[in-house]
Amino acid sequence: MKVISINAWGGAEHDVLIPWIRGVDADVLCVQEVTRTPGGSGWATFSDGERTLPQRLNLFDDISSVLKGYRSHFIAHDAGPVTDLDGTRWRQDFGIATWVRDDFPIGGLDARFVHSEFVNHVDWTVEDRPRAALTVTVRDPSSNRTVSVVQLHGLRDPAGKHDTPARADQARRLAAIVEQMHSTSDIVALCGDLNLLPTSATFQVLGRHGMIDLVGESDTRTSLYPKPIRSASYFLVSRLDAVRHFEVVQQPEVSDHRALLLEL
């Protein structure tokens, strides 16, 4: 069973991202920074007062169009305005999505906020954006094991990736999800752009609930990211003996984040 996690950067590298997704052959694909604009397609501009970025109007549909034979699940953290190339203003949902190959039976779905709650912004804000975790529990037909895959785009703080009370609360809420999944699953995996340093207390909290980090201090950013802090994305599992292969994927560069690949 192959699980891949990637922060897609809103599809900014669309021309290399989409062919890579088409060919990567994931059984479960977890994507952060997914945009969804019903009725929209093509390019848009996002601005939150700190950054102005190109992104896809509907990255969710872009990815779904090349993943035939998969079921998709999208969770919106929040929504706000973007402008397309013609200057038309759209309301865009922003969140995370998981795609599951059709021959992997889904036995459970769970989605809940781990920071704040859904917000419909008049204008995008920099601080205190809501965050949700999405869990898909599948039956791996090759091993006949039940695997819960939890993904998250962790709370972003413009001041940095250091521990804060808000991140501590997020960790406690994540641990509650993990504990619930332990009761029904043979293996629990947790992945995503957690926006944390490797020394974060979050890993101690999750460790007390049986989760083991596979990334550590590995560089999870690509050459498209110029800042010196290179930690962002992580992959944790409840059983090391179930890991056949793990890799921080260096090439191709499909985002400012490197993809994480886990084979169970």
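The values are calculated or read from the model by the stated rules, or taken from the named source; none is laboratory data. Because the structure is predicted, anything quoted here is derived from the model rather than measured. Don't worry about glycine lacking a Cβ; one is built from the backbone with ideal geometry, like all the others, and counts go over all protein chains shown. With ligands, DNA and RNA removed, areas are computed over all heavy atoms of the protein, side chains included. Shrake-Rupley method; radii C 1.70, N 1.55, O 1.52, S 1.80 Å.
Before moving on, here are some points about what is shown:
- Of the residues making up the stretch 168-178, one or more are open to solvent by less than 20 Å² (accessible area, probe 1.4 Å), over 26 Å from LYS227 (Cα atoms) and out of contact with any strand residue (DSSP E or B) (no Cβ under 8 Å at 6 or more places or on another chain).
- Qualifying residue in the stretch 179-190 (condition: crowded, with 23+ Cβ neighbours inside 10 Å and assigned to a helix (DSSP H, G or I)): yes
- Some residue of the stretch 41-51 being touching a helix residue (DSSP H, G or I) at 6+ places or on another chain (Cβ under 9 Å), open to solvent by 10 Å² or more (accessible area, probe 1.4 Å) and not in a strand (DSSP E or B): yes
- Selection of strands (runs of 3 or more DSSP E) fully inside the stretch 198-264 by the criterion of at least 2 residues being free of Cβ contacts under 8 Å to residues at least 40 places away in the same chain returns 245-249.
- Of the residues in the stretch 213-234, none is in contact with a Ser or Thr (Cβ under 9 Å, 6 or more places away or on another chain), surrounded by fewer than 20 Cβ atoms within 10 Å (Cβ to Cβ) and more than 21 Å from HIS257 (Cβ to Cβ).
- All positions within the stretch 176-205 that are more than 23 Å from ASP78 (Cα to Cα) and touching a helix residue (DSSP H, G or I) at 6+ places or on another chain (Cβ under 6 Å): ILE187, VAL188, THR202, VAL205
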